[in-house]
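The values are calculated or read from the model by the stated rules, or taken from the named source; none is laboratory data. Given the structure is predicted, the values throughout are model-derived calculations rather than measurements. We place every Cβ from the backbone using ideal geometry, glycine too, and count neighbours over all the protein chains shown. Each accessible area value is taken on the protein alone, full model and side chains, heavy atoms only, with ligands, DNA and RNA left out. Shrake-Rupley method; radii C 1.70, N 1.55, O 1.52, S 1.80 Å.
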Amino acid sequence: MGEIEDAIERADRESFTRQPPKTLKGQIGFLLKQFGSARAVAAEIGVTADSVNRYRRGARKHARADVASKIDDAVRQRWQPMVRKRRQKQAAATGGITVETRARFGYTAPVGTTDDGRFRRLTVHLPPAYAQRLFDAREFGASDQQMRKIIAEGLKEIYFQDGGARATGLSDVTLNDIDYLDLDY
């Protein structure tokens, strides 16, 4: 996963109204309800169906670290999908998305102005249209670079050009060397 995808996942997890199961037995029970069979859960997490049944019964209290990570990821991915969808729909319709980042911004500017890229720390609220574009791009399997371009376009319009009030000659903004990026919606 790329940096943008990770940021969207973190924002999704923050929207949980209830925390997912913490115990191995609880997580496996949840996955069994989602997938319907031990064989399907086993295929998802990379173990045998017998192992899944041992986890379910409590005969095994702990999974290997790599398997435990896969189980945790599978649970979080499927936990409260309606809550996540509702939050994303609200962000895309009315709320917008807040981007907090520290990254190197490069841009193409007219002659006589500086176009030297430099690190900036920004917290900018982007309008709902950018949230919709970002969610659509993620849904259709866009690369991290394509999602960066969407965020960079939003930052260009809202932060650098202030909605058309300044830096009108600025033609291209790039988001490079991301130190951190966090999204909230």
Applying the selection to the range 8-50, what residues are open to solvent by less than 20 Å² (accessible area, probe 1.4 Å) and free of Cβ contacts under 8 Å to residues at least 12 places away in the same chain? 42
At least 2 residues that are among the aliphatic types (A, V, I, L, M) and out of contact with any Leu (no Cβ under 9 Å at 6 or more places or on another chain) in each: list the helices (runs of 4 or more DSSP H) lying fully within the range 1-78 that qualify. 24-35, 38-45, 65-78
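With respect to residue 133, determine if the residue is basic (Lys, Arg) and either open to solvent by less than 60 Å² (accessible area, probe 1.4 Å) or at pLDDT below 90 (or both). Write out each step before concluding.
Values: basic (Lys, Arg): yes; either open to solvent by less than 60 Å² (accessible area, probe 1.4 Å) or at pLDDT below 90 (or both): no.
Considered against the rule, which asks whether it is basic (Lys, Arg) and either open to solvent by less than 60 Å² (accessible area, probe 1.4 Å) or at pLDDT below 90 (or both), residue 133 comes out as no.
Results for (1) open to solvent by less than 80 Å² (accessible area, probe 1.4 Å); (2) modelled with pLDDT under 90, shown as yes or no for each residue.
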site: 77; (1), (2): no, yes
site: 87; (1), (2): yes, yes
site: 117; (1), (2): yes, yes
site: 129; (1), (2): yes, no
site: 168; (1), (2): no, yes
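Being free of Cβ contacts under 8 Å to residues at least 12 places away in the same chain and hydrophobic (A, V, I, L, M, F, W, C) is the filter here, so list the residues in the range 76-96 that pass it.
First pass over the range 76-96, keeping only residues free of Cβ contacts under 8 Å to residues at least 12 places away in the same chain: 77, 81-82, 85-86, 89.
Passing the criteria: only 82.
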Are there any pairs with C-beta distances below 6 angstrom linking a residue in the range 52-75 that is under 18 Å from residue 36 (Cα atoms) to a residue that is surrounded by 11 or more Cβ atoms within 10 Å (Cβ to Cβ) and among the polar types (S, T, N, Q), with the two at least 6 apart or on different chains, and if so which? 71/27; 75/27
Name the residues in the range 136-166 that are open to solvent by 70 Å² or more (accessible area, probe 1.4 Å), assigned to a loop (DSSP other than H, G, I, E, B) and at pLDDT 85 or above, would you? 140
